[in-house]
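The next block holds one structure in the form of structure tokens; read it before the comments.
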């Protein structure tokens, strides 16, 4: 993970902080799972992973706020968000919005597709892109706001 962050030009002091933050949050969540006697089911692990990703993203943003302008996350441009394709869910599709972790059922309205083909609830991706300009799954970059 350190190598991946370094390839993205994240400064070493931020990388160390992020790694420590991930580790702390991971162990906190595992302690809760063990204390409550829950079986680590696949859905729980996915939710745990997404919580950690969100917390790491938040930690990186906090660290980035003290860095130069080049490292600060920028929201996506309004025209880019508005132009995301709207699609209808087909009856045989089983897709989960990886932002809210809820299934998008047949008949779900306002499903948006990123240029990378990942799908999200319209409200979820709009909120996400108000803070960041990349896809939550693959980090595909949309144009940023000025």
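What follows draws every value from the coordinates through simple rules; no lab data is involved. These figures come from a predicted structure and were not determined experimentally. Methodologically, a virtual Cβ is constructed for each residue, glycine included, from the backbone with ideal geometry; neighbour enumeration extends over all protein chains shown.
Can you give the FRET efficiency to the nearest 0.05 for residue 23 and residue 103, using r as the Cβ-Cβ distance and R₀ = 35 Å? Could you put the intermediate results ahead of the total?
Details: r = 31 Å, r/R0 = 0.87.
Calculated value: 0.70.
The smallest convex shape that holds all Cα atoms of the range 78-129, its convex hull, gives 68 Å³ per residue. Listed from fewest to most Cβ neighbours within 10 Å, the set 129, 84 follows the order 84, 129.
Using a Förster radius of 30 Å, what is the FRET efficiency between residue 95 and residue 144 based on their Cβ-Cβ separation? Nearest 0.05, please. E(calc), rounded to 0.05, equals 0.65. Here the simple spin-label model places points 7 Å from the Cα toward Cβ, and for residue 85 and residue 53 these points are separated by 2.1 nm. Exposure proxy shown here: for 81, 137, the number of other Cβ atoms within 10 Å sets the order, fewest to most, as 137, 81.
Taken as Cα centroids, the range 113-146 and the range 76-112 sit 11 Å apart, rounded to the nearest whole angstrom. List the relative contact order of the range 78-129 as a percent without decimals, with contacts defined as Cα pairs under 8 Å and 6+ residues apart. Value for the range 78-129: 35 percent.
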